[in-house]
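Rule-based calculations on the coordinates, nothing more; no lab input. Quick caveat, the model's predicted, so the values are computed rather than measured. Because the Cβ atoms are built from the backbone with ideal geometry, glycine has one as well, and the counts that use them run over all protein chains shown.
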């Protein structure tokens, strides 16, 4: 395994690398990231994993400063999973040489819905940094987890509309044994909060069962979830929505490919999850 910190060194390596599969991350890696790396190994000659905490996708008052930076531990995990991987770990000045990024990638209206309604500018920051990383790595394939379903949708749409020659590979959400979606932010949870956190997946599974049983009153199902989470002490419930899985438009009674999306705050930690439904 090799750690590269500069774009020039990465581009020199890329000239003789063959096909490349790319896994962009912000570090603090867990088993879900390892699943992305395993998928990437099957898709190309070489694997590049980036580790970069992107300031642009954090809003005012969010956890940019306290987000864990664990490069040494991350590198060991990556090496154990893929011994010949390249780790691209640039500092901020390397990726943002002018400090302030004047040119940004502007996603369409979906950026202001779901998570975007509560995190203004987040998906602009995601689209911009992913575009920059794509330009640095020049991958043939890139793997993204379905846990960040809206992010995956934005990236897929961006690659298609901007004619980027990259195959985007969705990878199923990694989960703990109790159903909690794996996330670097799970480390913020107290023991009591960690025991409560799988409630999100419980409700997703319950909603999926109801929809497969013929229920189409999505607002009613969502209201039941919100009421239960509030009773159980969740501090904020940002949204519980059922959407068309292919367009992310609000689901209609005639849609057959659906995704249920949820975001809520437990203590100080904001958790998101989703579950696809084919009916």
**Message:** If I fit a long axis through the Cα atoms of helix 71-81 and take the longest principal axis of the Cα atoms of the chain, what angle between them do I get, 0 to 90°, rounded to 10?
**Reply:** 90 degrees
**Request:** Write down the Å³ per residue value for the convex hull defined by the alpha carbon atoms of segment 16-82.
**Result:** 100 Å³
**Message:** I'd like to compare 123-129, 170-176, 31-37: which one has the highest average count of other Cβ atoms within 10 Å, and what's the full order after that?
**Reply:** 123-129, 31-37, 170-176
**Prompt:** Can you work out the FRET efficiency for the pair residue 76 and residue 177, with r the C-beta to C-beta distance and R0 = 25 Å, to the nearest 0.05?
**Reply:** 0.55
**Message:** What is the angle, in °, between the Cα long axis of helix 149-161 and the longest principal axis of the Cα atoms in the chain? Nearest 10 is fine, range 0 to 90.
**Reply:** 50 degrees
**Message:** Could you compute Rg(Cα) / (2.2 N^0.38 Å) for segment 184-274, with N its residue count?
**Reply:** 1.11
**Label point distance in nm, residue 256-residue 231, each placed 7 Å from Cα along Cα→Cβ** = 3.7 nm
**Item:** Fraction of the pair-distance distribution of segment 1-156 above 22 Å, Cα-Cα pairs, percent
**Value:** 40 percent
**Request:** Could you pull the Cα extents of the chain along its three principal axes, largest to smallest, in whole Å?
**Result:** 56, 41, 37
